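Student: Mind looking over this structure? Questions follow.
The values are calculated or read from the model by the stated rules, or taken from the named source; none is laboratory data. Note that the structure is predicted; figures quoted are calculated from it, not measured. Cβ sites come from the backbone with ideal geometry, for glycine too, and all protein chains shown count toward neighbours. Surface areas here come from the heavy atoms of the whole protein model, side chains and all, with no ligands, DNA or RNA. Shrake-Rupley method; radii C 1.70, N 1.55, O 1.52, S 1.80 Å.
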Amino acid sequence: MEVRTVTPAQRSAQLISGGGLRHVAFIMDGNGRWAKKRGLPRAAGHKAGAEAFRRVAHYCRDIGLKYVTVYAFSTENWSRPEAEVKGLMLLLRQYLDEIERTADKEKTNIRFIGDLSVFDRSLQKRIADLTERTSVYPAVLNVALNYGGRAELAHAFTKLAADGKREITADDISSALYTAGQPDPDLIVRTAGEERLSNFLIWQSAYSEFYFTDVLWPDMTERDVDAAVEEFFRRTRRFGGVVESEK
Ligand code: IPE
Ligand code: IPE
Ligand code: MG
């Protein structure tokens, strides 16, 4: 008899193809601690973190996740030492250079969510062009840059007020966010042992499942993504109701 073994990637892909998990968001945390453990500068942790990001983003696409969001730089991260912020911005520019060249091979719609108005116009234009050019691809990768959930909501309310909206519904708010038109994250993964949102997707996470792992982000592998996917499919999501099997 032929024994067919299912690889972990096939198993994750199978689970995902069954439905229920469309959007995974990652709070990529622990770059600094990863570097410290090795006696390296924090910048080395961010560089390794950027590689982990590429690895995880590719893998998520390969196993069939339609929406992936990564928290790359928060509105609060500007308070870090200037040299660290500069290093992070350099890594982001390097990623943009790369993805502009490879986006069509990746077949992914790249979006940047956050307040991009603080960046120079040429960078904003490159981001807008990239998003537009890749909008033909169904898989979406959101890179949260200068992102803060409170700032996002404030921006959304300002927009709705400017449109003359007086009675604002929850749907109006969802439609005015940077993630307009996308499903809310089904699963939010945070690395490095911290169990908080740190101002990430505070509106969109109302019914997200949370998965916390002690793995430091630069160490994050495909197998750690599989573990999060497996765990997600063990959860019962009730959305305030009663599910059939528990009646
Ligand atoms: C995540 O790693 C990267 C960013 C927040 C930009 P950290 O830099 O927060 O790493 P730790 O938390 O100090 O270990
Ligand atoms: C959250 O991580 C922001 C990003 C991952 C970009 P932080 O390291 O900034 O979060 P806190 O400060 O520990 O809450
Ligand atoms: Mg951190």
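Student: If Leu187 satisfies all but one of (1) open to solvent by 40 Å² or more (accessible area, probe 1.4 Å); (2) touching a helix residue (DSSP H, G or I) at 6+ places or on another chain (Cβ under 7 Å); (3) away from ligand 1 (no atom under 14 Å from the Cβ), what's the number of the condition it fails?
Tutor: (1)
Student: Give just the number: which of (1) without any contact (Cβ under 8 Å) to a residue 40 or more places away in the chain; (2) not in a helix (DSSP H, G or I) does Ala44 not satisfy?
Tutor: Against the list (1) without any contact (Cβ under 8 Å) to a residue 40 or more places away in the chain; (2) not in a helix (DSSP H, G or I), Ala44 comes up short only on (2).
Student: Report the residue count in the stretch 107-130 for those that are over 20 Å from Gly149 (Cα atoms), part of a helix (DSSP H, G or I) and either within 16 Å of ligand 2 (Cβ to nearest atom) or within 17 Å of the chain's Cα centre (by Cα) (or both).
Tutor: Final tally of qualifying residues: 1.
Student: Quick check, is Arg150 buried (at least 19 other Cβ atoms within 10 Å of the Cβ) and within 16 Å of ligand 2 (Cβ to nearest atom)?
Tutor: No: the conditions fail for Arg150.
Student: Still on this structure: Test Tyr178 against the stated conditions and say whether it is open to solvent by 30 Å² or more (accessible area, probe 1.4 Å), over 23 Å from Ala52 (Cβ atoms) and within 20 Å of the chain's Cα centre (by Cα).
Tutor: yes
Student: Take Arg22 and tell me if it is charged (D, E, K, R) and within 16 Å of ligand 3 (Cβ to nearest atom).
Tutor: It is false that Arg22 is charged (D, E, K, R) and within 16 Å of ligand 3 (Cβ to nearest atom).
Student: Check the stretch 148-163 and report whether any residue there is touching a Ser or Thr at 6+ places or on another chain (Cβ under 9 Å), within 30 Å of Gln10 (Cβ to Cβ) and not in a helix (DSSP H, G or I).
Tutor: The answer is no; no qualifying residue exists.
Student: Do any residues in the stretch 210-238 that are touching a residue at least 60 places away in the same chain (Cβ under 8 Å) and open to solvent by 50 Å² or more (accessible area, probe 1.4 Å) have Cβ atoms under 7 Å from those of residues that are part of a helix (DSSP H, G or I) and hydroxyl-bearing (Ser, Thr, Tyr), where the two are at least six apart or on different chains, and which pairs are they?
Tutor: Going by the 7 Å Cβ cut-off, the qualifying pairs are Glu222/Tyr59.
Student: Tally up the residues in the stretch 1-17 that are surrounded by fewer than 21 Cβ atoms within 10 Å (Cβ to Cβ) and either in contact (Cβ under 8 Å) with a residue 60 or more places away in the chain or part of a helix (DSSP H, G or I) (or both), please.
Tutor: Number satisfying all stated conditions: 9.
Student: How many residues, within the stretch 176-186, are more than 16 Å from ligand 2 (Cβ to nearest atom) and in contact with an Asp or Glu (Cβ under 7 Å, 6 or more places away or on another chain)?
Tutor: Selection size over the stretch 176-186: 2.
Student: Okay, next question. Which condition number does Ala50 fail, the rest of (1) buried (at least 18 other Cβ atoms within 10 Å of the Cβ); (2) modelled with pLDDT of 95 or more; (3) small (Gly, Ala, Ser); (4) within 18 Å of Ala139 (Cβ to Cβ) being met?
Tutor: It fails just one condition, (4).
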